[in-house]
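Peer 1: Next up is a structure, given as structure tokens.
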Amino acid sequence: MFCETEIDVAVRIETRPPRAPADDLTEQLRRAQEAILRRAFGVSAGVVLRAGFDEEGAGDWQESLCFGKVDGQWKIYVQSGFLDAPDSTRRSDLFATSLETRLLAAKKIPVLVQALEAVHAERKGEDELAVTTRELSRYVDGLLRAER
């Protein structure tokens, strides 16, 4: 029968491998997604991560960092495909992408948040416009009825 001493436990704990920088990056991306979810924008947006041209003739391609609903859940994802072939568009879970893609995404998170804020403000403005127009219409209808 084997019993661990306090020294054995301390040595075992101290010899655990440190977290890899890639794990820390992924954790920060998860925190960014949670922060965006808490903002409750209720809109979708995307920003270009990288783009290029396929030499084999498939055309221009683009990879974007996006925030939107996927399978009924709001999340950050990567969308890629050829611009002239909508059927080629593919969505990937950000956390399942390569380290290179996650690194690019991390650099673009502030730009994605700005895009979400802009779309949200635009939508809010549209809502204000509709409400203001409806209220004005009621007021004018009331004025016209008063003239009769």
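The values are calculated or read from the model by the stated rules, or taken from the named source; none is laboratory data. From a predicted model like this one, the values you see are computed outputs, not experimental measurements. Positions of Cβ are backbone-derived with ideal geometry, glycine not excepted, and every protein chain shown enters the neighbour counts.
Peer 1: Read through the list (1) modelled with pLDDT of 95 or more; (2) under 12 Å from the mean Cα position of the chain (by Cα), then give the number of the only condition that GLN114 fails.
Peer 2: Only one criterion is unmet by GLN114, namely (1).
Peer 1: In segment 120-140, which residues are of a type in the set (Asp, Glu) and either exposed (fewer than 10 other Cβ atoms within 10 Å of the Cβ) or modelled with pLDDT under 80 (or both)? Quick ask: steps written out before the conclusion?
Peer 2: First, pick out the residues of segment 120-140 that are of a type in the set (Asp, Glu): 122, 126-128, 135.
Answer for segment 120-140, where residues must be of a type in the set (Asp, Glu) and either exposed (fewer than 10 other Cβ atoms within 10 Å of the Cβ) or modelled with pLDDT under 80 (or both): GLU126, ASP127, GLU128, GLU135.
Peer 1: Tally time: how many residues in segment 45-104 are in a strand (DSSP E or B), touching a residue at least 24 places away in the same chain (Cβ under 8 Å) and among the small types (Gly, Ala, Ser)?
Peer 2: 4
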